[in-house]
Amino acid sequence: MKPLAMRDFDPRDREPVLEIWRDAFLGDDAEPSEEWFCLPGARLFVWEREGEICATARVHEFQASRGEARLSCGGLAVVAVALPVRRTGVGAQVVRECLSWMRAERFLLSSLYAFREGWYRSLGYEVCGRRWKVTVPASGLPSVETALTVREVSADDWRLLEPCHGAWIRRYSGMNPRTEERWNKVLVPAGKPHTILAAGDPVEVYVVLRSTGEFSGEQVISEAVWATPAGYRSFLDILAKVGMNRSRISWYEPPDLPYLVEHFDADVGVCLARPIMFRVNDVPGALRSLRPDAEGEFTVEVMDAALPENRGPWAVRFKPGEVDV
């Protein structure tokens, strides 16, 4: 079989790329926005064989939290292969070449949302924590006492929310620290401001939502972040306020699922929501980027068919704030 060649997307590639995407996940009538082709902070690649484009992938530039450490992370997206060459190894080659490119560009990690976890697991990815969607009848929300006053804030006040979000990402690894541009995308998607409710001074919890036009229907909370137990109690108070004219409320919780621990009953629905997968592109580099608060040493054996440079064994010695590999 003829070799594949990886290169950057060119505007002249638009139609063959669009055809691949329509077959893979968009549908025949879809017309994606221009951001699909030239998204800021991302690099779109195509693969061609004998002059014909047969695959695509995009790498987004992120950071991933691990306690106080921030590790560079390449988010892999729009991995798509033309129908005639599927199940011939093209997809695996696309991912491996993206991984090699990311490693050369000093992305210590890679992350993605997998359609089929087992396939990406064969390329070194693994689910690193689960996100859960919780749905509760509004009439069944618990009554809680809270000393924090709820107030509405503007998207322009995102800096008030930043310390709360910072505490969140220190607690849950793999989170993406936000720039002002990213805050704007979360709080004002497509130029339409969401409602933002917060409690505490400084802020201990905030909730982002857009009111639905369907009276008494389900209210989806697009983001809920709390920094303290008192903040979580105020979050439940916010849900009760929002739910006064809704039949159901749904939101997302991290792996420890505090609502399930404290308030589960038969009417509560919980389902797994789009788990994220990670892998390490540079084992010694990722370890050296950590900021431990203890001292010790260990040896780790690494087997990595996609990135042979990661193969161990690696001797690791660490002390507060420093790792030697």
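Here are the numbers for this structure:
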read-out: Cα-derived Rg over Rh, computed across the stretch 166-304 with Rh taken as Kirkwood radius; value: 1.04
read-out: Kirkwood hydrodynamic radius of the stretch 115-172, Cα pairs, Å; value: 16.3 Å
read-out: GLU48 versus ALA30: modelled label distance in nm, points set 7 Å from Cα along the beta carbon direction; value: 2.4 nm
read-out: Leading residue at positive end of dipole, the stretch 51-209 (Cβ point charges), from PRO163, ALA114, VAL81; value: VAL81
read-out: Qualifying GluC sites (Glu not before Pro) for the stretch 140-215 [loop in DSSP, other Cβ within 10 Å: at most 13]; value: GLU145, GLU214
read-out: Spin-label zone in the stretch 66-85 - amide nitrogen under 14 Å from a point set 7 Å from the Cα of VAL325 along the C-beta vector; value: 70-73
read-out: Per residue value of the accessible surface for the stretch 98-199 (all protein chains in place, 1.4 Å probe), Å²; value: 56 Å²
read-out: Long-range amide H partners of VAL323 with built H, under 5 Å; value: none
read-out: Accessible carbon and sulfur surface of the chain relative to its total accessible area, %, 1.4 Å; value: 50 percent
read-out: Length-normalised contact order for the stretch 1-112 - Cα pairs under 8 Å, 6+ apart - percent; value: 24 percent
read-out: Neighbour count of at most 10 Cβ within 10 Å plus DSSP loop: longest chymotrypsin sites (Phe, Trp or Tyr not before Pro)-free window in the chain; value: 1-114
read-out: Span-rule helices in the chain, defined as complete DSSP H runs reaching 18 Å or more along the axis (Cα) with Kyte mean at least 0.0; value: 90-104, 229-242
read-out: Mean shadow area of the chain over all directions, Cα convex hull, nm²; value: 19.6 nm²
read-out: Charge dipole magnitude, Cβ of K and R +1, D and E -1 - the chain, Cα centre, debye nearest 20; value: 440 debye
read-out: For the chain, the longest site-free run once trypsin sites (Lys or Arg not before Pro) in DSSP loop states with at most 11 other Cβ atoms within 10 Å are removed; value: 117-325
read-out: 222 nm mean residue ellipticity, helices alone, for the chain (DSSP H n ≥ 4; -39,500 (n - 2.57); rounded to 500); value: -7000 deg cm²/dmol
read-out: Sparse-neighbourhood loop sites, GluC sites (Glu not before Pro) in the stretch 55-120 - DSSP loop, at most 10 other Cβ within 10 angstrom; value: none
read-out: Computed label-point distance, nm, for sites GLU61 and ALA104 using a 7 Å Cα→Cβ extension; value: 1.7 nm
read-out: Alpha carbon convex hull of the stretch 40-96, volume per residue in cubic angstrom; value: 93 Å³
read-out: Label-to-label distance, nm, for residues given as ASP293 and SER143 (7 Å Cα→Cβ offset); value: 3.9 nm
read-out: Relative contact order, percent, the stretch 140-209 [alpha-carbon distance under 8 Å, six or more residues apart]; value: 41 percent
read-out: Sites GLU309 and LEU257 - FRET efficiency at Förster radius 35 Å, r taken between beta-carbons, to 0.05; value: 0.40
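The values are calculated or read from the model by the stated rules, or taken from the named source; none is laboratory data. Everything quoted here is computed from the prediction, not taken from an experiment. For neighbour counting, all protein chains shown are included, and Cβ atoms are generated from backbone atoms with ideal geometry for every residue, glycine included. Surface accessibility is based on the protein's heavy atoms, side chains included, excluding ligands, DNA and RNA. Shrake-Rupley method; radii C 1.70, N 1.55, O 1.52, S 1.80 Å.
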